[in-house]
Amino acid sequence: MPLARDLFQHSSSSARDETVPLATRMRPRSLDELVGQEHIVGSGTPLRRAIEGGKIHSMLLCGPAGCGKTSLAEIIAANTPSHFEPLSAVLSGVADIRRAAEEARSRQSLHDRGTIVFIDEIHRLNKGQQDALLPHVENGTFTLIGATTENPYFTIISPLISRTRLYTLAKLEPHHVKALLQRALDDGERGLGQVRLRVDEAALDHLADACGGDARSALNALELAARTADEDAGRRRHVRQGDAEAAVQQRALGYDRAGDEHHDTISAYIKSMRGSDPDAALYWLAKMIAAGEDPRFIARRLVIQAAEDVGNADPMALVVATAAAHAVELVGLPEAQIPLAQATIYLASAEKSNASYVAISRALDDVKNRPLGPVPSHLQSGPRPAKEAAGKQAEYLYPHEFPGGFVQQEYLPPGAKSQPYYEPTDRGREKEIGERLQRLRPGPSKHTAGGRASTETQDRKAR
């Protein structure tokens, strides 16, 4: 049966059409031309066997930009007699999905031909639109191929994930990208092989390294460099490293302020400060700044970090962090990167204690899960009949009237507290706090902060 794949097969003239971007012209046409994804389409893999056998199943292709998700979808389309129907996740709605399903049913009934619906950036569909896909994927009206740069477990509804196979494409390494660049230079039909062009090895290396694994970005930068480079004595355009740098402008960081890279980077930043590694923390800070992260978001994380992970081991940490947050509002970037760096270094280098966080977590657990007793009468405000009836038992002892400014009395309702809340560590300023509380408290503490943390604390460690 002939394969009707006119949608993605360029004619010789259109393949050389310079109005079509080089990255589009050089899309791989077969699995053998797809670079860097051997783990899912290499020889003998289940997906490769399915594609070569024309037995396509619904799937989600997950991976960073420019790694080959759309190319793989097009290769699949070229290896099946099914009709290929691309939908835009930005422009399409439930009505478009229903139309595609109706046409797929008609196509199957009249021509015995299946349909593949391809949705790039499928995570941009809202929940209702994703729900609309479910019955058609479930009953086989069409085969769905969705592509996403986001973590599908965060952005795709669970019922849709359960009805598809998930394939994760790897980020391309520089040697993969360089091979694609060289292929474009050698290809006289679709690439730059017919152009009188000379490209220095250093220029290729820079393009391959600076694109951050995004083959599309690297190929389009190569095309721009080739068009703008000066001619040499032999009237060939000579692409030098400077031309490559000018075409790229700046390294692609692969950072999406709403995606996985955002969450992973801020997580690494927080954990580096918690782990007392100022150099690592500065590295992740620099990445966020260079990628255009909102500096106020970084400043808020610093304030939280100061209280959660440094706490009273160094009370100045919170002062430094809040001052940095104020400085960000006051001066803005680029100057704000300096107080952000100062606060980052201070927090990473400070003594650490999560005792304050553990303390409030334990108190919240008791407030939520234990009976709430009334405020003891001697702590209530103003005169009350019950206080008058209680006589001296309701008398509040004013600590400043006693030696050392302290007097033992009960401040909690009976049975309200399950365990000590605040248990200072022996680190930094908190060691002095702990020694004072040890003298004041009626009995020795049985726990140490950071030792037996609540379930919420354990959950926070993965943040």
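Residues in the stretch 98-144 that are within 30 Å of the chain's Cα centre (by Cα) and of a type in the set (S, T, N, Q): 126, 129, 130, 143. For residue 155, state whether it is over 21 Å from residue 113 (Cα atoms), touching a His at 6+ places or on another chain (Cβ under 9 Å) and without any contact (Cβ under 8 Å) to a residue 40 or more places away in the chain. It is true that residue 155 is over 21 Å from residue 113 (Cα atoms), touching a His at 6+ places or on another chain (Cβ under 9 Å) and without any contact (Cβ under 8 Å) to a residue 40 or more places away in the chain.
Could we say that residue 221 is hydrophobic (A, V, I, L, M, F, W, C) and out of contact with any Leu (no Cβ under 6 Å at 6 or more places or on another chain) here? When the stated conditions are applied, residue 221 does not pass them. What residue, among those in the stretch 97-122 that are part of a helix (DSSP H, G or I) and either aliphatic (A, V, I, L, M) or touching a helix residue (DSSP H, G or I) at 6+ places or on another chain (Cβ under 8 Å) (or both), is surrounded by the most Cβ atoms within 10 Å (Cβ to Cβ)? The selected residue is 122.
Do we have any residue at all in the stretch 80-96 that's among the hydrophobic types (A, V, I, L, M, F, W, C), in a helix (DSSP H, G or I) and over 32 Å from the mean Cα position of the chain (by Cα)? No, because not a single residue in the stretch 80-96 is among the hydrophobic types (A, V, I, L, M, F, W, C), in a helix (DSSP H, G or I) and over 32 Å from the mean Cα position of the chain (by Cα). Screening 180, 222, 185 for residues that are free of Cβ contacts under 8 Å to residues at least 40 places away in the same chain, crowded, with 16+ Cβ neighbours inside 10 Å and assigned to a helix (DSSP H, G or I) leaves exactly one candidate, 185.
Kindly indicate whether any position in the stretch 171-179 is touching a strand residue (DSSP E or B) at 6+ places or on another chain (Cβ under 9 Å) and either in the same structural domain as residue 93 (by TED's automatic domain parsing) or farther than 15 Å from residue 58 by Cα (or both). For the stretch 171-179, residues touching a strand residue (DSSP E or B) at 6+ places or on another chain (Cβ under 9 Å) and either in the same structural domain as residue 93 (by TED's automatic domain parsing) or farther than 15 Å from residue 58 by Cα (or both): absent.
The values are calculated or read from the model by the stated rules, or taken from the named source; none is laboratory data. All figures in this text were calculated on a predicted structure; none of them were measured in a lab. All Cβ positions, glycine included, derive from the backbone under ideal geometry; neighbour counts span all protein chains shown.
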